[in-house]
Amino acid sequence: MITRPSWFAAALVVVAASAPQALAQVQPLTVDMSNVRSSRLENGLELITIEDHSVPIVTVEIVARAGSFVEPPELSGLSHLYEHMFFKGNATIPNQEAYLARMRELGIRFNGTTSEERVNYFFTLESSRLREGMVFMRDAIRTPLFDDAELTREREVVIGEYDRNEASPYYHLSRQVDEYLWRPFATRKNPLGDRRTILSATREQMVFFKDTYYVPNNAALVVAGDVDPARATELAHELFGDWRRAPDPFVAHPRVTFPPLRRNQVVYVDKPSRVAVLQYSWHGPDVMRDRAATYAADVFSFILGQGASAFQNALVDTGVTLQAGLSYYTQANVGPISLSAATQPEKVLQAMQAIDEQVARFDDADYFTDEQLETAKTLLAVSRLQERERTSDLAHNVSFWWACCGLDYYMGYLDGLRAVTRADIQRYVRTYVQGKPFVLGVLLDGAERQRVSLGMDEVARRVRARLVPMVPSPLPGDPVVPEPRSRARPGTARAIRWTRGGAR
């Protein structure tokens with residue numbers, strides 16, 4: 001699924017559609033964040049505690065600023081592979097069998113995720129065993145063995161995930177759009193990675209990731225649940241205080257600068273699908289360069305998702321599309337904006353015309369009401385409250401925001417929402433959407449395209465775009481083409497979440 005914080009829950013759309021007027025009258029909500037505390041060890045490791053004594057469990061989580069954004073083509077997918085190797089042997093526990101046995105002994109629920117700008121690993125267990133859980137985490141993050149036999153097995157496990165995702169036509173649509181949206185740095189936005197690099201991954205590459213990115217000054221330790229912050233701080237210093245600080249990884253390996261799109265492009269994806277799917281994608285704002293626009297993007301996407309919106313009335317209620325929506329994915333370095341719609345194959349050109357008309361209206365003064373604006377902000381705040389129902393889920397949300405945007409962004413999110421005005425939304429759509437180059441992906445079964453006589457040249461002409469070919473899936477024997485180094489510079493920093501069970 002889209003890697004988003006949990007307060008963007010789909011259930012809220014139903015609530016908003018059913019009672020917007022009442023919600024608009026609610027006073028601005030506040031969320032008590034006093035139980036979220038942050039401090040820093042001398043080695044640079046940030047400690048975040050989230051105190052909640054409602055149930056006697058605790059989550060211990062390590063998060064690093066890593067993921068696909070640190071992966072040039074020759075390393076594409078290795079953050080994901082590293083995630084699998086994390087749950088293997090280390091200097092204290094010799095192999096995976098012993099590792100799993102110790103987890104059963106401690107009663108641990110565990111997982112890890114890899115996304116574009118965050119990799120995290122977590123254990124949830126009884127709070128009475130906090131120290132044992134933190135020792136277990138220390139050994140796993142600091143002293144992995146990367147046994148060659150285990151690495152060989154896990155390469156095949158990851159390729160199994162790769163194969164399952166390739167079986168979905170929607171994966172191919174997303175990948176093809178991303179290939180053109182992020183050129184020449186597409187691997188930096190592809191957490192699943194490249195089949196060739198996964199199959200050829202070495203122990204030396206795993207050690208490189210560990211020594212470069214899994215270091216205290218590029219990581220945070222989150223301890224959440226039935227925990228005394230003073231005790232968590234004491235244990236963090238005891239168990240992680242001697243973890244040696246390393247050079248800043250982004251000095252030797254700077255974040256890339258994505259070049260702006262120069263023109264509209266259309267890519268046709270011929271895969272089995274009962275309906276036609278259109279995906280328009282733009283380069284959007286990011287936290288480093290235009291923080292205010294990220295809040296406006298969230299509010300505007302929420303407004304358009306409501307059943308009473310002009311957008312839904314024009315595209316769905318008329319029958320032109322079966323469903324449609326606008327989304328934005330917050331990132332430190334260029335978050336994508338995507339407008340997606342599903343329609344019947346014979347209505348593709350009609351849907352494109354209707355979408356074009358709606359985009360042109362995005363900045364109209366009457367495109368949404370004041371009530372819809374206030375409702376969106378209220379409901380987003382309500383969902384912020386809902387995310388606190390499970391402290392373990394809250395820990396994962398906090399770690400996501402810490403990694404991509406900074407804890408201050410998370411703590412100040414409600415204030416950012418409340419400040420959004422109609423003028424802010426107009427600036428957002430004028431700056432990033434209206435009249436800006438985009439990539440349009442069209443997913444449609446080839447037989448259906450022939451049945452309705454849909455020419456892709458005509459599709460491209462309608463949006464004044466260049467028709468580009470599908471990028472073939474690489475095979476193990478294909479060469480890996482390095483990205484241009486000259487475009488990378490320091491100081492610059494979707495939406496699938498990849499887990500040990502695949503895409504979620």
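The values are calculated or read from the model by the stated rules, or taken from the named source; none is laboratory data. Please read all numbers here as calculations on a predicted model, not as lab measurements. Positions of Cβ are backbone-derived with ideal geometry, glycine not excepted, and every protein chain shown enters the neighbour counts.
Within segment 417-428, is even one residue surrounded by fewer than 16 Cβ atoms within 10 Å (Cβ to Cβ) and part of a loop (DSSP other than H, G, I, E, B)?
Yes, that holds for at least one residue.
Could you check segment 155-187 and list, in sequence order, the residues that are assigned to a helix (DSSP H, G or I) and within 19 Å of Phe438 (Cβ to Cβ)? Working first, answer last.
Quick first cut of segment 155-187, residues assigned to a helix (DSSP H, G or I) only: 155-166, 169-181, 186-187.
Hits for segment 155-187 are Tyr170, His172, Leu173, Ser174, Arg175, Gln176, Val177, Asp178, Glu179, Tyr180, Leu181, Ala186.
Quick check on my filter: what residues within segment 32-84 are charged (D, E, K, R), assigned to a loop (DSSP other than H, G, I, E, B) and under 21 Å from Asp163 (Cβ atoms)?
Pass one, segment 32-84, residues charged (D, E, K, R): 32, 37, 40, 42, 46, 51-52, 61, 65, 71, 74, 83.
Filter once more, keeping what is assigned to a loop (DSSP other than H, G, I, E, B): 32, 42, 52, 65, 71.
Passing the criteria: only Glu71.
Given the conditions (1) surrounded by fewer than 23 Cβ atoms within 10 Å (Cβ to Cβ); (2) touching an Asp or Glu at 6+ places or on another chain (Cβ under 8 Å), report the number of the one that Arg195 does not fulfil.
For Arg195, the failing item is (2).
Determine whether segment 124-135 contains at least one residue that is closer than 28 Å to Phe240 by Cβ, at pLDDT 95 or above and in a loop (DSSP other than H, G, I, E, B).
We begin by selecting, within segment 124-135, every residue closer than 28 Å to Phe240 by Cβ; these are 124-135.
Now narrow it down to the ones that are at pLDDT 95 or above: 124-135.
Narrowing the set further to residues that are in a loop (DSSP other than H, G, I, E, B) leaves none.
Checked segment 124-135: no residue is closer than 28 Å to Phe240 by Cβ, at pLDDT 95 or above and in a loop (DSSP other than H, G, I, E, B).
Would you mention how many residues in segment 166-223 are of a type in the set (S, T, N, Q) and either closer than 30 Å to Ser127 by Cα or in contact with a Lys or Arg (Cβ under 8 Å, 6 or more places away or on another chain) (or both)?
As a first pass, look at segment 166-223 and keep what is of a type in the set (S, T, N, Q): 168, 174, 176, 187, 190, 197, 200, 202, 205, 212, 217-218.
With either closer than 30 Å to Ser127 by Cα or in contact with a Lys or Arg (Cβ under 8 Å, 6 or more places away or on another chain) (or both) added as a condition, the list becomes 174, 190, 217-218.
So the count comes out to 4.
Yes/no per residue for (1) surrounded by fewer than 18 Cβ atoms within 10 Å (Cβ to Cβ); (2) in contact with a strand residue (DSSP E or B) (Cβ under 8 Å, 6 or more places away or on another chain):
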{"position": "Gln279", "(1), (2)": "no, yes"}
{"position": "Asp286", "(1), (2)": "no, no"}
{"position": "Ala296", "(1), (2)": "no, no"}
{"position": "Phe302", "(1), (2)": "no, no"}
{"position": "Thr330", "(1), (2)": "no, no"}
{"position": "Gln344", "(1), (2)": "yes, yes"}
{"position": "Gln353", "(1), (2)": "yes, no"}
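Name the pairs: first residue in segment 216-234 and under 13 Å from Val36 (Cα atoms) and at pLDDT 95 or above, second residue polar (S, T, N, Q) and not in a helix (DSSP H, G or I), Cβ to Cβ under 6 Å, at least 6 apart or on different chains?
Val223/Thr49; Ala224/Thr59; Gly225/Thr59; Pro229/Thr49; Ala232/Thr49
Does Glu346 satisfy the criteria of being more than 14 Å from Ala276 (Cα to Cα), at pLDDT 95 or above, among the acidic types (Asp, Glu) and assigned to a helix (DSSP H, G or I)?
On the way: more than 14 Å from Ala276 (Cα to Cα): no; at pLDDT 95 or above: yes; among the acidic types (Asp, Glu): yes; assigned to a helix (DSSP H, G or I): yes.
Judged against the criteria, Glu346 is not a match.
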